[in-house]
Amino acid sequence: MDEKGTIVVSQNENKIYLSPPHMGEYELYNIQDAFQTNWIAPLGPHVDGFEREIAEYTGANGALALSSGTAAIHMALKLIGVREGDIVFCSSLTFVASANPILYEKAIPVFIDSEPSTWNMSVTALQRAFEDADKAGKLPKAVIIVNLYGQSADYENLLAICNRYEVPVIEDSAESLGAMYCGKPSGTWGKFGIFSFNGNKIITTSGGGMLVSNDLEALEKARFWSTQARDAAPHYQHSEVGYNYRMSNILAGIGRGQLKVLDSRVNMRRSVFDRYVQKLGGVPGIEFMPESSLGRSTRWLTSLIVDPLRVGVTSKHIIERLTANHIEARPVWKPLHLQPLFVDCLYYSHNEDESVSDNLFMQGVCLPSGSNLSISDQNRVIGTLLDILEQGENDIHPFREILNGSV
Ligand SMILES: *Cc1c(COP(=O)(O)O)cnc(C)c1O
């Protein structure tokens, strides 16, 4: 700490991180409050307060604070009644945690491609998947729709399909707390919405998650399961499998402080994005992730695609060179249908002969996007990136060579 009591960054000072934590004024105060009242664990008033405040912020009837976003997805699947052998549709272009809980319940994921206009679940691919499932006489039990990098999916059109087949939607809004779509907050479009407060998310409790819904009875059931499924009895009695999935009072105190600054964090991330576009948007062959005119993204991560033939370097080369310059950059998520874990799963691409997510993965780059990224650090990223583009990729041109047929 410095003389004012502010925590001084102790990580590598020269390294620029992709999406580091960004604490506000009240987090430490709430932790101290938890210590003073000895509400360290289990649960406590900050947990109740955080749930109430997330419900208010999103407009959902209720919220349940959990140990992770993954736990929230697991609880949502159980509430919908997903069991062994059931099918669950899920966005393919996402982090593995969107789909792991499907495997926890021994259900079968079927992956759905992205569409080019939002990078989120393709309406046409979802439609084809439903038609096939209907013909086969086995509709999915649930659909998990992911809001990628802070942008809501096209719920008007996606929900129209799911509603027609009467299949409930879980909105994986782990990356999109604070986003809007058609004037309605992210997380409130499906039967259940989930948020993550993992360390790299737009606000963080160091680790944690939240399940939101208008169905208060369902949330009570999940509350029961996630506290070891203790039956109402003076002794320890259990008739169902339980989980240890709740959030601690200390972490909820951090979350309440973070929620106070969420809107300013969203605005900061958006201005980081705007600056990248301003400086790099004119480079031929570079395209930033588009924003739907119906929504407002949080721009959790600034992501772009690089056409190697026009830019002269591959996304892989850019990431390697940025890393060598102590700048953390990442590829776009490797689609789940390409993961060894899911090799046997069915996949529906955007068109019969075009997989959008494959291309986004091959060409995508996520740039440092923290709400605490200083202008000078952002200039360093932009300057380094422009140098990389100018130098080109002389030693090897894998894409060119592949496309010219010379390898
Ligand atoms: C981070 C993330 C999760 C998982 O959240 P945890 O809190 O880390 O369990 C799920 N889905 C998506 C899309 C995420 O980005």
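The values are calculated or read from the model by the stated rules, or taken from the named source; none is laboratory data. In this text, all values refer to a predicted model and were calculated from it rather than measured experimentally. Reconstructed Cβ throughout: ideal geometry from the backbone, glycine too, with neighbour counts over all protein chains shown. Ligands, DNA and RNA are stripped out before the accessible areas are found, and what is left, the full protein with its side chains, is counted by its heavy atoms. Shrake-Rupley method; radii C 1.70, N 1.55, O 1.52, S 1.80 Å.
Observations
- Build a GNM of the chain with springs between Cα atoms under 10 Å apart, and of Leu66, Leu341, Leu301 the one that fluctuates most is Leu341.
- When a 1.4 Å probe is rolled over the protein heavy atoms, the share of accessible surface on the range 263-403 that falls to carbon and sulfur comes to 51 percent.
- Taking Cα centre as origin and charging only the Cβ of basic (Lys, Arg, +1) and acidic (Asp, Glu, -1) residues, the dipole magnitude of the chain rounds to 500 debye.
- Placing +1 on the Cβ of every Lys and Arg and -1 on the Cβ of every Asp and Glu, with nothing else charged, gives the range 263-403 a dipole about its Cα centre of roughly 660 debye.
- Within the assembled protein chains, the solvent-accessible surface assigned to His326 is about 100 Å², based on a 1.4 Å probe.
- With a simple spin-label model that places each label point 7 Å from the Cα along the Cα-to-Cβ direction, the separation between Val96 and Glu240 comes to 2.9 nm.
- The heavy atoms of Glu328 present about 40 square angstrom of accessible area, all protein chains included, probe 1.4 Å.
- Apportionment of accessible area to carbon and sulfur, the range 200-250, percent (1.4 Å): 51 percent
- Per residue, the convex hull volume that the Cα atoms of the range 283-365 enclose (Å³): 149 Å³
- When the convex hull of its Cα atoms is projected in every direction, mean area for the range 151-200 (nm²): 3.4 nm²
- Ratio Rg/Rh [Cα only; Rh per Kirkwood] for the range 1-139: 1.10
- FRET efficiency for Asp353 and Gln278, using Cβ-Cβ distance with R0 set to 30 Å, rounded to 0.05: 0.25
- Probe 1.4 Å - accessible area at Asp134, Å² to nearest ten: 80 Å²
- Using θ = phi - 60° and Karplus 6.51 cos²θ - 1.76 cosθ + 1.60, couplings along the range 157-162 (whole Hz; Gly, Pro as x): 7, 5, 5, 4, 5, 4
- Counting DSSP beta bridges with both ends in the chain, the antiparallel % (nearest 5): 55 percent
- The listed residues Tyr57, Tyr276, Tyr245, Tyr26 rank as Tyr26, Tyr57, Tyr245, Tyr276 when sorted by accessible area, largest first, using a 1.4 Å probe.
- Working note: Karplus 6.51/-1.76/1.60 with θ = phi - 60° gives the range 276-288 the couplings 4, 5, 4, 8, 10, x, x, 6, x, x, 9, 10, 7 Hz, where Gly and Pro are set to x.
- Principal semi-axes in Å for the chain [√(5λ), Cα gyration tensor, largest first]: 35, 30, 17
- Cα-based convex hull, the range 263-403, per residue volume (Å³, whole number): 153 Å³
- Probe 1.4 Å, protein heavy atoms only - accessible area per residue of the chain in square angstrom: 45 Å²
- Solvent-accessible ranking of Arg321, Arg265, Arg164, largest area first, probe 1.4 Å: Arg164, Arg321, Arg265
- The portion of the accessible surface of the range 75-123 made up by carbon and sulfur, rounded to a whole percent, is 55 (1.4 Å probe; DNA, RNA and ligands excluded).
- Dipole size of the range 26-261 about its Cα centre, with +1 on Lys/Arg Cβ and -1 on Asp/Glu Cβ: approximately 280 debye, rounded to the nearest 20.
- Whole-percent pair-distance distribution, where bins are 5 Å wide, for the alpha carbons of the range 242-297: 4, 14, 15, 15, 13, 10, 10, 9, 6, 3, 1
- Each of Glu53, Glu352 has its accessible area taken with a 1.4 Å probe; listed largest first, they run Glu352, Glu53.
- Per-q log10 I(q)/I(0), the range 26-261, q = 0.12, 0.13 Å⁻¹ (Debye; single scatterer per alpha-carbon; no solvent): -0.64, -0.75
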